Every structure is written in structure tokens, then in C-alpha cells.
1. So how long is each side of the protein assembly as shown along the principal axes, counting just the alpha-carbon atoms, biggest first, in Å?
2. Give the lysines whose C-alpha is closer than 28 Å to that of B:LYS238, dropping any in the same chain fewer than 8 places away, or say none.
3. What are the radius of gyration and Dmax of region A:180-236, computed over its Cα atoms and given in Å?
4. Using label points projected 7 Å from each Cα along Cα→Cβ, tell me how many nm separate A:TRP88 and B:THR53, to one decimal.
5. Which longest uninterrupted range of chain A lacks any GluC sites (Glu not before Pro) assigned by DSSP to a loop state (not H, G, I, E or B) and surrounded by at most 16 other Cβ atoms within 10 Å?
6. Just how many % of Cα pairs in region A:282-416 lie over 27 Å apart, if you round to the nearest whole percent?
7. Out of residues 5 or more away from B:SER319 or on other chains, whose amide H comes under 5 Å of its own, with H placed 1.01 Å from N in the peptide plane?
8. Please report, in whole Å, how far the alpha carbons of region A:5-421 spread along each principal axis, starting with the longest.
Amino acid sequence: MRVPNQLIKDLAPKKFDKRGVIWTIFLTVIIIIGIVAYIDQLIKGQEVTNMRDYALWGIYISNFVFFVATSFVGSVTVAILRLTKNSWRTPLVRIAEIISVAAIIMAGITIMIDMARPDRLLNLFVHARLQSPITWDVVIIPTYIVLSLLLLYFPLLPDLAILKGPLEKTQPRLSKLYGKLSLKWTGSKAQKVLQEKSIRIIAIMIIPVGLLLQTIDAWLFSTTYRVGWDSSNFAPYFISGAFVAGVGALVVVIYVVRKVKKLEEYITDSHFDKLGKFLVLACLTYLYFNINEYFMPWFTAKKDEMVHLETLFTGSYAWLFWFVILGGLVVPILVLLFKKGRRPKSMFVIGILVVLGSWWKRFIIVTPTLLHPFLPIQGVPESWRHYFPSLHEWLITGATLAMAFLIITVLVRYLPVIPIQRTADEQQMLQSSKKSES
Amino acid sequence: MEKNNKKTRRKFLDKGLKLGLVSAIGGIGLAKLSSKLSANTNNESGETLELMTTDGTLIKVDSSEVVEVEHTQDHDKKYNVREGMPNRKFVMVVDLARCKNALVCQSACNKHHYITGDNAWIKIYKMQESKDTAPYFMPTTCQHCDHPPCVTVCPVDATFKRRDGLVLIDNERCIGCRFCMAACPYSTRVFNWNEPDQGDITLNMDMYQHEYLSPEYAGMPSLKGTVDKCDFCPHFVKNNELPKCVEVCPNNVFYFGDKYEDVVSNSDETVRLSELLEERAGYRLMEGLGTEPSVYYLPPKDRLVDFEEALKNYKEFESVEKPES
């Protein structure tokens, strides 16, 4: 089970090149600007946002929902492909795990940004009430963070042990850190059995927990009476939407990582082809739930529902709505159904479209509904009848997105993005099977 | 031997003395008790009174047993703020036929609760269900639902339902997530997006600190990053006064009262709640949602004022008058 040196050379984390440094500095600057804006929001209160008593939730919440959705990629690709023994997943899973960890951590932070009294955060534990969907979120998000971290960490153990060696002379500190984190991994049989078992347990656990996470996220909305949220379709609608957002993000990040790290030999066109099929499955499922969500109320045409649907179909949110539906779902489906469309480059473009569509999709789920309450909006300034995020909201939201990118960047920098040990094992197995054939 | 004898004798004397003392005290006590008992039986008047206990059963008591006790003034006021006044169930009735959109309730409420934002707690909506139905004005307060959706979704029990029917907010606990506002179908909740500038109230804060920093006096003071709303003025109600809007309305639109007592009153008259609702076909807003509001509405039939005339007062974009600067 020795690992070929070439493999280590190819897959071991490398120092940033110039682009990497510029990218990291760029992200850091955006984060600092966002933190300054957030401090200003803490001092002045949330009047610096464009949220008001009617549009009482805005992009903080829709961004939160986006992060939660994206974090689903860990459950889907890693756990489900693992349990169904799809071996093409090997070079993709680590990146999926990294995205998952970054997204769910940022979800936790983003929801706190929306809280107007973060100084009273502890009340959520001290005075917790179990029937509030927010309390369910308080339980499920940390659970998912822990599971995602473990699902990233346990498969890393052999790789960390491998990386310790070559770095001993050049970077002794890093080598020591890898050594410590590898938890004295030697690759003995007993260790392997234990590791295999632990990963299996977490992979099985993270599927129901991931489904619950998306479900609770949907229930934050559908536990209210509001037109546009009060829908029994919401939980599966959110789960399939999370499937789309997660796999879309995975495609984009994998394309960039492959290009920057020159991993074309390991992440091949056929991997993109498979991912493309996976993504089109996700999009078709999501399209189905979208049709359920919009077609039924349109068909029965209840008055309140029609007011809501008209703002989406032809009203002030029409541009966004049709971009999300056509650009974020229909076009990707049409392109990805063809083999030519599943080539890396076109997949990258489609991936970006899907992620953008997914982000704006959450926006048009959250805000338009709030602007159509049961009683008419009267007696408040005219500006309260519309909502578009303020500069503060954009800066802070930009910072949360930059933070997610920074977590991904740092993890990609210091961790082997393609499992080294596993790739070596698979190559060996391939060779031995070839030998036995000949 | 001699020593031993002395000891036992001393012990005997000691014990005897103690026993004697105890029996003497006991004897005096018994004598006093028996004399009291005999005195009572001696004083029996033979007259009996029929009395009703608090749970409604009739009992007979000898008249000599009936003693006057001091009347407790604050009997109704001693209760847990989160549990509410015992044996009360507060309701409001809004007579839409009388509403002239005078806006007196709104401005009085704004002033009394030191509302400084852009969204009043009392709203007077211009309503018209469809093109062919009559337009009318509809004041809304918090509906103080018996199944309050806001309370269900609150993660920290900051907004709570009391036994006397009130839904109140503990602004010291609210974390500002605004889930209650999303859950309320009546759009009754108002958020403090910034530090409220409540003028004289913040000046007098020290004075009010002890008495008013309570969910029973909403807006006193309003806190940044927390939710406010109509509280049915429990600070008045517990002193047997009417809520501010009920008291000031020049057209007697609002009735306020106790459902258990089956009476509601405005500043002019007191009427039976059940009769009023029956005669005037009272209804509640969005009954179909199952929120069970505590506010009843009487249909806008035979209106006192022409709609067009009332429309003059209507301000589409303003509910809190700003001091001219």
C-alpha cells in the first residue's frame, strides 16, 4: 500500500502562486469592509438596512437560506455517492466536504447578523422554547457543523500522515501540525477498520440530518400563514433546491481548483460528464417542485395568491423571477441534457448560472411574500412597500460570501483536495486487476 | 451506697420539679382553652347566616362566626406579570359603523406609548373588499389571539400569552429575530429599527425605572432591536380604567371589557357582550386562520358618517405625526 511519489508530488498542497495571494488579499479586504459595516449596524441599529416592518426579512435571511442549501452538497455527493458505491466520486468528495463545511459555518454566522440583539444570543439557550422553529435551527445547525467537520476530517487522517514526511525539512512546523492532526495514523489494519467504520456511521447519519436541516429551513417559512410560504410543498421544494445549489457550487469550485492546481489528470472530463448528469437530475427534480409551487396556486387563483404570483410573473420581481427559472433551471437543463454541454468549460458557465440562480431564488422566496400581508400596507412611508438591499446589507452579505470563499481557499491551500491514499489504493487495485486479466 | 442514694434522690427531685412545671403550664393552657371554648359556646346567638363561598356553594354559618376583615385594596394587583390578572378575560369590541376615521385613538395611543417610529400600533385601515362593496374604515389593535401565532414561533418566550387574554412582550428578553412579525397575520407588530428617540420619557427614565420597566407598559421605554405592539393598556385596566383608545374615542367606537363578566363598556355606556355581538352580528378578523382573536368587530352597517367625508382625514403614508422641526 505504498503511495507513489509522483502522486504525492501531484496532490500535496502547494504554496499560493501570485494569483492565489491576490485572491486571498481581495477576499480579506472585502471581509474587513463587511466587518466595518456590521459594526456600524450594531451601533446604529438595523435602520442601516432597507428592511422595515413589512419587509422584515431581507437578504440576510435569503443569504442564510442559500448557505444552508449549499451545505447540503456534503450529504448528497459524499454520503449518498459513498453509500451507493459510486467510485467516480473519489477526486470530488473532499472538495464537496470543504464546501459543505464552509457553507454551514457561514450559515450559522449569517443568521446571527440578522438578529437585532446579538448581545442576547444566550437567551436562545437560557430561555429556549421547543416549539419555535428557530430553536430547531439552533439544534440542527451545530449538529450539522460537527458532522460535516468529522466527515471532512476522518477521511483526511491517512493523507495527513502521508504529508508529514515530505515536509519535514522544508516546512517543519507544518509537518508537525499535519503529524499532530493525523492522530498517529500508521495505516495498520486495526486503524483502517476503525476509520472505515467511523466514516460509515457519519455518512449514514449525515443524510437524515442534512434532510432535517433543509426541512427545518423550509419550516421557518411554512410555519407561518403568509401567502407564498404557507405550503405543504415547501420542505421537499427546499431539499431539491439545496441539491441544485450544492451541486452547482461543487461544479464551479471543482473547475477552478482543477485549473489552478493543474489536476486535469485526476479530475477528468468524464468526471464532469458524471457531475453534469447529477446536476441535471437535481435541476429536473427542482423544476418539478417549482411547478408544484407556482402552478397550483395559479390554477386555483385565490385572490391573495394571485396578487403574489402577479408580482413574480409580471410585476416588480418578474425580471428576477424569470432569470431564476429560465437562467437558473431551464437553460441548465437544456444544456446539460447533451453530452457536449457536459464538457468542463460549458459546465463551469452553467455552474455559475445555477449558483447565481440559486442565490436570487432565495431572495424571491423571502421578500415578495412579506410585501403582501393580509391587511393592506397603509399608514407607513411609501418606501416601506418595496425592498431592495441597502449598501450596508450588500457589504455585509458580500463579506459573508467572501468569508465562505476564504474558508474554502484556506482549506484547499492546506489540505490535499484529492484524497491521496484513496487514489493510490484505487490505482493499485486497477493495476492488480489488469495483471490478473492478462 | 450513700453516694448512690443521694444521686437517685437528686435525680428524682429534678425530674419531679420539671414534671411539675410542665403540668402546671399545661394546666393553665388547658384551662384557658376550655374557658375560651366554653365562652364561644356560651355566646352562640342561635342565629345563622346563609353565605356563598367563592366556588358558588351555599353554606350556613352562625352569625357570631362572621367577623369583618380589612378589605384588601390591592387584591387584583398582586399577580405574576406573565400569568396575568386572576379570573379575567379581556376583550374588545370595535363598532365599525361608528368609526369616522377621526384618528383620535391613534394619536392618543402614539402619545401615551411614546411611539416615535413611522408605524403606529393602532392603524385605521381604509377597507373595501371588492369594487361593488361598501368602503369603510377599520381600526385595528393587537388582536390578542387565544391561539397567538407570534407566541408559538418566539424562540425565547419573549412574547407570551397570559390567562387574562393579553399577549405581551418582554423587551428585556427579545432577541430581535422578527419571527413573530412574520407569523402575525394582522401586521400588528412594530420593530425598533434604531434607538427610539422618546424625548421626555428617556429624560425621566430614572423616575420610571422601577414602576414601569415591565411588559405591562409597552413602549415605556421602547428598546432598540426589539418588537413593540399594542398591549391593551394593562397599566390602566388594573386600576379599573379603560385602555387609552377606548377612553378617548369621540365616537365611542371601542368597547372594552371582561368576557367572563360578559360586559363591555366604552366611556359612555356598559353593555352585555353577548347581547351586543348577537344583535349587531359581531365577527372576528380572519376567523378561518384559527387564531381566535380577542377583538370583535361589528359590521359597518348604518354608518354615522359619509365615507367620502371621513376620507378627508385619511393619510396613506403616515400614522405617527412627527413634531415639526
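1. Per principal axis, max minus min of the Cα coordinates gives 123, 118, 50 Å.
2. Partners found: B:LYS77, B:LYS78, B:LYS89, B:LYS111, B:LYS123, B:LYS161, B:LYS224, B:LYS229, B:LYS259.
3. That works out to 19.8, 59 Å for Rg and Dmax.
4. 8.1 nm
5. Looking at chain A, A:266-438 is the longest stretch - no exposed GluC sites (Glu not before Pro) with at most 16 other Cβ atoms within 10 Å.
6. 38 percent
7. B:ALA120
8. Principal-axis extents of region A:5-421 (Cα, largest first): 72, 51, 42 Å.
Throughout, read-outs are computed from the coordinates displayed, never taken from laboratory work. All figures in this text were calculated on a predicted structure; none of them were measured in a lab. Counting neighbours? That spans all protein chains shown, and the Cβs are built from the backbone with ideal geometry, glycine included.
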